[in-house]
Each structure stands twice: as C-alpha cells, then as structure tokens.
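Right, one structure below, let's go through it.
The values are calculated or read from the model by the stated rules, or taken from the named source; none is laboratory data. Predicted, not measured: the structure shown is a model, and the values here were computed from it. As a convention, Cβ positions derive from the backbone with ideal geometry for all residues, glycine included, and neighbour counts pool all protein chains shown. Accessible surface is based on the protein model in full, side chains and every heavy atom, while ligands, DNA and RNA are left aside. Shrake-Rupley method; radii C 1.70, N 1.55, O 1.52, S 1.80 Å.
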Amino acid sequence: MTLVKTSYNRRSFLKTSAAAGGGLLIGFNWLVSCKPTPKQLLEMPEEWFNINSYIKIGNNGVTTIFSANPEIGQNVKTSMPMIVAEELDIDWKKVIVEQTNLNTEKYDRQLAGGSQSIRHGWQGLRMAGATGRRMLLEAAAKEWQVPVSELTTKNGTISHSSGKSAGYGEFAQAASQLSVPEEVELKDPKDFKIIGTPTKNVDGPKLVKGEPLFGLDYNKEGMLIAMIVHAPSFGMKPKSIDDSAVKGMAGIKDVFTIDSATPEGEEASWSETNAFHQLVVIVGNSTWEVMKAKKALKIEWEKVSSSENTVDQISKLDELITQKSDEPRRSDGNTDKAFKNAAKVIEKNYYAPFLAHNTMEPMNFFADVNANKAELVGPIQTPAELRSSVHKYTGIPEENIDVMMTRMGGGFGRRLYGNFGLEAALISKKVNAPVKLIYTREDDMTQGTYRPMYAMKYRAALDKNNKLIGFHVRAAGINSAPLFPDRYPAGTVDNYLAESHSLESNVSTGAWRAPSSNFVAYAEQSFLDEVAEAAGKDPIDFRLELFDRAMTDPVGENNDYDAERYAGVLKMVHEKSNWGEKKEGVYRGVSAYYCHNSYVAQVVDVALNNGEPQIQKIWCVVDCGVVVNPDGAINQVEGGIVDGIGHAMYSALTMTDGKPDQDNFNRYQLIRIKDTPFEIETHFVQNGIDPTGLGEPTLPPISAAVANAMYRAIGKRLTKQPFTQQLKEDVVEPA
Amino acid sequence: MAQFTLNINGKQQQVDVAEDTPLLWVLRDHIKLVGTKYGCGISQCGACTVHLDGTATRSCSIPVSAIGNKKVVTIEGLSKNGDHPVQKAWIEHDVAQCGYCQAGQIMSASALLDKNSNPSDEEIYSAMNGNICRCGTYLRIRSAIHSAASNMNA
Ligand code: FES
Ligand code: FES
C-alpha cells in the first residue's frame, strides 16, 4: 500500500460528506423511464448513505458508484467505477452504476475527449474509493472499540483479527458522518482484483433489450418535436421563407427562424463551432409530421460567402505545401545543407478528404427552457461548455441550468461541439414548451464540423551509407495544420525541419477521432516505409535504429515521446506477428504511432484474391499502461482499427459549390461487416504504469500499416485517401 | 389521419396516424417503443430493423398502411427477459460499444438464425451487411452469432 494525501481533488470528497449530514436518504435517479429490474428492486436497500461524490452505500451493502463522465461508447461508465470499486474493496457484483448529471462543484473534467477520461480520473477515482474504505474502517473500529490497524477488508466485508466480521452496509451510516481522512492508503497495483479483470459493460443487459438510454429516446410529458433546416451550402443563409404549405399541415405548431450567432460583446467558444447559425425551425407533435413539413417548406437562400469546391480545395492545399513557411514549427541543424549533400532524396505528398463524424445516433437534444430555468438532456461530450453557452445566449444563470448526459450513440469528436444543444434551448425558449430537437441523417451529414481536408509533403535525405541525415515535413489543412513538430521522427535526425500552413474556409471543421493524428500517422508511417525501402532496410529495423538514436543521443530537447516505450511496442509486434517469416501469397505492412499518451504498433497481412488486395489479419500491440478493463479495452482497440481501416479505404465528404455531395449512407460509404478484416490479435504491454488513452490511439497508425502492406501486394504506394478511390483512378487499362 | 390496428409484440395496438407514417415513427413516437432506432431513414443502416412475420425489415421504409395484420416484433418483444440466445450471446461477447446500432443488429441476427440455424461466415456477412456499426464491433457480432447458433443447436 502507498500512503497518499487526499488533497488531490479533495473537494469531491468534502462537499458531499458535508451535504449528506446524517446519512441522507437519496432517491434512485433513474434516467427517463428506465425502471430498476425486479432483481435490482429485490436488492434495493431501505436506506442509502452518501460516503462521497462517487459512492453511496445502502444499509444492506449494495453500493452505488457514480459515473460522472459522458459515455460515448468508450466504456467509461464501466471502467471508471471499476477503479473506485477496486480501492473501496467491494464485490463488483454488488455495485450499481449511476450516471450523474453535470456537477462541476463535485466533479472534475466531466468531458469525453482526447482519450483522457481514465488518465485524468485515475488518481481521483482511486482516492475516492480508498477514502470510502478508510471511513468504513474507522466506523467499524469505533463500534468494535478496536484500532483500525487490526481491521482488514475483503469484498465489502470488514474483519477483525479476533474473527469478528460484518459487511460495509452495517457501517455505512456511521461512516457517512465521519470527516474525511487526511491520508489514505492506495493499493499496490499487484493486489488489484477488479482492475485488470475482464468486466462486462454495465449497460449491456439494457442495450440488448432496447431500453431507452439514448438522447433520441428521451421523452417528457407534453414534449414537442423540432427539426431544423440549415442552408444547403456552406456560405449561404435563409433569405425568405414560404411556410404557406406547412402552416395548416397536421400536427405542425410553428415555423420560425433562430440565430445562434455569438451575441454582441461575447466571445465565441471553441465548443460553439458551427457553420450554420441561421436556421429555419419547424415544431410539431411528432417526428414524421415535422419531417413531412420540412419537405414542404419553401425557403429562398442567399449567398453570404464563397462556395467552395473540393477540386479547388485540393489544389490550394497542394499549393500551400510547396510554400515555405516564415515561421517553422521546429528546425534542428541545417536541413537545406543536408538535402544538398544527400546521396538520395525521397519525396512524397499525401492527401486526405473531409470526413463527417456520422455517429449512428444523429445529433439531438431535449430542452425545457423558461424565463429563468433550463433543463437540458441529451448526448453531449462537453456538458459544462454547453451549460455556459446556454447561459451566454439566454442569460439564465448557470446554477439554474441543469444538464443531464444520456448515453451517446457515438461521439468521435462531433459531440464536443454542442450547437444542437444550444439550438434546442433556443427553440424551447421560443415556443415556451419542452422540445426535443432531432437532426435527420441528412441534416447531420451536411452540417459540417468535419475532419479537415489535409495535405502533407515529406522529404528525406539519405547519405551514401543510407543513414537518414535530413527530414522535412510540410503540412497544410483546412482551418488547421496537421503537424506535431516534436513527435517522432523529431529527435532522431540531426537536420529536421517542420513547417505548416492553414487554409481558411467557411466549411466548419472540428476534432474527429484522434484529431490530426488520424492523418499524420498515415502520412508519416507510409513515408518512413518508403524511406526504409530506399535505404535498403527492413521497415521495423529502420525505425528501431532511429529510436536507438533517440535513446542514446537525442536531437533537441522537447521530443514528445518515450523512445523506449515506442521501440517496445514495435519489438513486441515483431515477435507476436513473426515478422520476417515468409508466407506464400501474403504481404505485410507495419506501422507505429504515439498519441494520447499511448504507444501502438500494428502489423497487417494482405492477400490477393483474384488480384484484389484483401486484409486478412492484424496484430496490434498497445502500451497504454495499466489496462483497467481488458474486455472493454480490446473492444476499443478493435473498434479503432476497424474505424481507421474503414475511413482510409472508403469514406470521403466532397463538395460542389459549397454543397456536400454526400448526405446519407447511400453516397457516403462506411465500412460494413463484409469489409472487416477477419481477425485482430491484440496484446497489451504489461508495465504497471498509470493508464493513458485508449479510445483513439489504435486508429491513426492502421491506415499506414494497410497502405504499406498494399504496396507490397500491388506495388503501388497509396498516397490518397480513400484508398478505394485511388485504386480505381490508378487502374491503367492494358494496351 | 387514419386508424390502424397493429399486432406488435403479440399485443393489438391502435394508432391514429397518417397513412404514410413509417412503422419506425409509429413505434417510437406513438407506441413509445424506442428500442428500434433511427439511423438513416432510407434502408441503408439497419438501425431500425424489426421482424415482420419473422422477416428482418427496415421499419423506416415501410409505411404503417402496408403492415396490415402482419406480426411486428421489436427488440422489446424479442424475448420476455432479454434472454433470447442472440441477446445472451451479445452479452457474453460484450459486443456493444456505444450500443446504438445493436438493437438492429440483434434483430437482423435473430431473423437470420430463425431461417438458418448454423450460418457460415459468408452467410452471416450477407445477412448482416445492411447493418452499419459505426463503432466497428463487427468481429464481435460475427462471433456472437456463431455462439448463439451453437447454443440454439445444443
Ligand atoms: S433507419 Fe432504417 S435502415 Fe437506417
Ligand atoms: S456499437 Fe456504436 S454503432 Fe454499433
């Protein structure tokens, strides 16, 4: 055990204990119409006692652990409470997990983004559990008149050396009245029993029964349905509306416009990213009635800024990557000289299109807003930001705005930007009734907040001994610059130059699963494969040589990776995949990347089926420190890989005259079960280091591993996403 | 508006809606069975899959007036206690990530197993290719269907 001060995030423990007073009875806060199962009712205690913000214990020992972070499918609703339960030392079977609403007084960082929930929560959650355990021990010691040091806990039971024992439930009331200990002991990771044990998704049984868990499922008495119409093209806004055909339609209550442009004198927050501020709104009784009215509405649009085309966007980006930047993001040594002295120069450009997030559950939100109070319910990755937006736009004080997070049908970054939540609030305020705003798939896909389009130029200089002596990267993106100047291979080459440009556009862009990394990893790891080939080296050996340099004699100071852990995943994937072994008709590619504080290496096997390359198997090695829930973790790894392959192979959002060419899944291709690789073999590095991100890091490198394997299979470097497009374009008809 | 009497999960249900209302919205808005999900509205994603006389059907694309006396089964009616072999296999393999697509996946999978008690990988692919999972849980879906099949045949 390690003794730690409870000062970290201490307010989480203090506030509730104070408020709980003498063992407060707290009702069960079931979301929406979610009823406890008969089994749960049987087990329900008569009284609950609040131990701290994360724990309440019933008089019968049943324990509720609160999950404060938004659940987008990354499984934090299971894995975060597991951490609390571990240190509380309780039987996981007796744990009920309950999602909290937004409460910034009690909880830190109620946000789903950057794969950081577990990393940030780790220490605080352990302490919450350990504090609870300690208070229960103190309560037992007092009652039994024995020193705490003679007591032990196991699975929710306290035992004394004399043989006496009792469950936590017996001491819950007394414990809830104690003050928070100054110091608590944390378990030695080798004693973990819950952390590291495969544990099923706590919502699994409800999901397979179709219970109402999602924002779209939310219902409140008297609730109206609202839909929006945004301009068909970026750079347009509504000019006039003819609602004559709509007003008399069955079930239609109102048609009006809202404007979510930033109020005068206020600053826009990043979470308010939105290309379409002026919206036409239709409110009615039911979804289908509103959908029909939406089609019947006649709106005239006017152009307010440029209408962009994908072809022009590509050529502008292409031009930017030929231009020097006045302010390089990093420059080591003398790159110009290195390239002049080079025996060989390798150069390649890489491209990727806009991508829509396409969460399976389209954007939606419930709002019930009146003069001085707002109730908001729905799928949001940034509930605190949404609350402050609603405050900013309505003037309702933050303490009167309640935000409840529902389970989300996917996030991938889209729900970091809560424009739909704000829109729901503005609509509810206007009609003075509870409203659920629903985007159709078409609204959702054409609304923007896309993964930016990217272009990247790489150059490498080799000397006559095939040593890498110069490396140059120049990045460009729409409204962004996809570059991490201090990541590998920075630090491994004497002469290194990293530059970037951003191309302004009225197409809104945003974070999309593993922002920038999702492209940089592909371009960089594809390029290094080509450099290794030019140097006549095995692609893994080549990378390892560079890591050797970073370990023994790093260039520069700010290198943003641990070369040993990075090399570690590569070595392990080499071993697990039997790299180097020749298999008839099988072509292999490798890739490795570091992002969200985690290290990933992947090997892909591709086989040719009637000349068509097919992905057969993937080996994936991850170093994300301690793995809290191996079952959920493997699911995340597989999901990241399938997602990464799918988007690299098939997906693109293009536009003509500012209008997206794809608005539903008939034109926007997503990976399906047939296209999924047959097998993924996952390994985690066991090193006991505090946990880091897992929801994103397996996505970025996979597209390069695929491209590198494809190259070996078909002799073509895939430099443009989506690959299927490039494969089609590059087909040369035999003469 | 018109009156329709539908057989849903073994119960007769009366609704008063426009004839062209897709079954999906009748279920979700009028009967308050929201397990059936909306994903695309154009038969492309499978999130809205229900059984119509035992056949997997996209409820977003069939108007209520076309149901007649066909039996509709939704995810809520697949089993009494969530213990259909497919539901059990879904839990055993911990298939869900966000979970939004899974009701549709389960309805497609259970309809497949009703007709083919021991599907091959290829047969699973063709029966399930209309169901998108944006989270990429396809490998687990395939394994869970095999498990459910072997449990049903045991
Ligand atoms: S909602 Fe019916 S198939 Fe997508
Ligand atoms: S589990 Fe999220 S879409 Fe399938």
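The mean sequence separation of alpha-carbon pairs under 8 Å and at least six residues apart, normalised by the residue count of chain B, gives a relative contact order of 23 percent.
Hey, if you drop one equal point scatterer on each alpha-carbon of the protein assembly as shown and run the Debye formula without solvent, what base-10 log of I(q)/I(0) do you get at q = 0.05, 0.08 Å⁻¹? Rounded to two decimals, the profile gives -0.29, -0.77.
Counting only protein chain heavy atoms and rolling a 1.4 Å probe, the accessible areas of A:488, A:711 rank, largest first, as A:711, A:488. Since only A:526, A:63, A:412 are under comparison, the one whose Cα sits farthest along the positive direction of the charge dipole of the protein assembly as shown, derived from C-beta charges on Lys, Arg, Asp and Glu, is A:63.
Dipole magnitude for region A:631-735: computed about the Cα centre from +1 point charges on Lys and Arg Cβ and -1 point charges on Asp and Glu Cβ, it is near 400 debye. Fully extending the segment from residue A:341 to residue A:160, taken as 0.36 nm per residue of separation minus the present Cα-Cα distance, adds 57.5 nm. On a C-alpha basis, how far is the centre of region A:486-526 from the centre of region B:29-75 in Å? Whole number, if you could? The two parts, judged by their Cα centres, are 44 Å apart. Computed per residue of chain A from DSSP H runs no shorter than four, each worth -39500 (n - 2.57), the mean residue ellipticity at 222 nm is -9000 deg cm²/dmol.
Structural descriptor for chain A: relative contact order 14 percent, calculated from alpha carbon pairs under 8 angstrom and at least 6 residues apart.
Solvent exposure of chain A amounts to 37 Å² per residue of accessible area, where only protein heavy atoms count and the probe is 1.4 Å.
Pairs of C-alpha atoms in region B:37-108 farther apart than 15 Å represent 54 percent of all such pairs.
A Stokes-Einstein calculation at 4 °C with viscosity 1.567 mPa s, built on the Kirkwood radius of region B:2-78 over Cα pairs, returns a diffusion coefficient of 108 µm²/s.
According to the calculation over all Cα-Cα pairs in region A:251-339, the P(r) per 5 Å bin from zero is 3, 8, 11, 11, 11, 13, 12, 8, 6, 5, 5, 3, 3, 1, 0 %. Take the accessible area of B alone and of A alone, subtract that of the pair with a 1.4 Å probe, and the total buried over both chains is about 4800 Å².
Charged side chains reduced to their Cβ positions (Lys and Arg at +1, Asp and Glu at -1) give the protein assembly as shown a dipole of some 1020 debye around its Cα centre. The loop-placed GluC sites (Glu not before Pro) in region A:518-558, going by DSSP, that have at most 15 neighbouring Cβ atoms within 10 Å of their Cβ come out as A:557.
Comparing the full protein assembly with the isolated chain, the residues of region A:346-389 losing at least 50 square angstrom of accessible surface (1.4 Å probe) are A:360. Over all pairs of different C-alpha atoms in region A:42-199, the reciprocal of the mean inverse distance, the Kirkwood hydrodynamic radius, equals 15.9 Å. Nonpolar atom fraction for region B:2-78, defined as the carbon and sulfur part of the 1.4 Å probe accessible area, stands at 46 percent.
Could you compute the FRET efficiency for residue A:241 and residue A:372, with r as their C-beta to C-beta distance and R0 at 22 Å, rounded to 0.05? Once the sixth-power term is evaluated, E becomes 0.10. The P(r) of chain B has a tail past 20 Å containing 45 percent of all C-alpha pairs. When the other protein chains are added to the chain by itself, burial of at least 50 square angstrom of heavy-atom accessible area (probe 1.4 Å, ligands and nucleic acids ignored) affects these residues of region A:667-697: A:672, A:673, A:674, A:678. Using alpha-carbon positions, what is the distance between the centroids of region A:190-205 and region A:651-710, in Å? Region A:190-205 and region A:651-710 have Cα centres spaced 26 Å from each other.
Taking 1.567 mPa s as the viscosity and 4 °C as the temperature, the Stokes-Einstein diffusion coefficient of region A:504-661 based on its alpha-carbon Kirkwood radius rounds to 73 µm²/s. Each Lys and Arg contributes +1 and each Asp and Glu -1, all at the Cβ; summed about the Cα centre of region B:2-78, the dipole is approximately 220 debye. If one computes P(r) from the Cα atoms of region B:85-153, what percent of pairs lie at distances over 18 Å? Distances greater than 18 Å cover 23 percent of the Cα pairs.
Here the accessible area is traced with a 1.4 Å probe on the protein chains. For chain A, carbon and sulfur cover 48 percent of it.
So what is log10(I(q)/I(0)) for region A:393-497 at q = 0.10, 0.12 1/Å, when the Debye sum runs over its Cα atoms only? The Debye formula, applied to the Cα set alone, gives -0.56, -0.67. All distinct Cα pairs of region A:117-201 go into the 1/r average, and the inverse of that average, the Kirkwood radius, is 14.0 Å. Taking all protein chains as shown and a probe of 1.4 angstrom, residue B:101 keeps an accessible surface of around 10 Å². A DSSP coil position with no more than 12 other Cβ atoms inside 10 Å describes the following trypsin sites (Lys or Arg not before Pro) in region A:385-474: A:464. Comparing the full protein assembly with the isolated chain, the residues of region B:71-111 losing at least 50 square angstrom of accessible surface (1.4 Å probe) are B:91, B:94, B:97, B:98, B:100.
Per residue, the average separation of C-alpha pairs within less than 8 Å and at least 6 apart gives region B:2-78 a relative contact order of 37 percent. Under the simplified labelling scheme, the residue B:114-residue A:104 pair shows an inter-label distance of 5.1 nm, with each label point 7 Å from Cα along Cα→Cβ.
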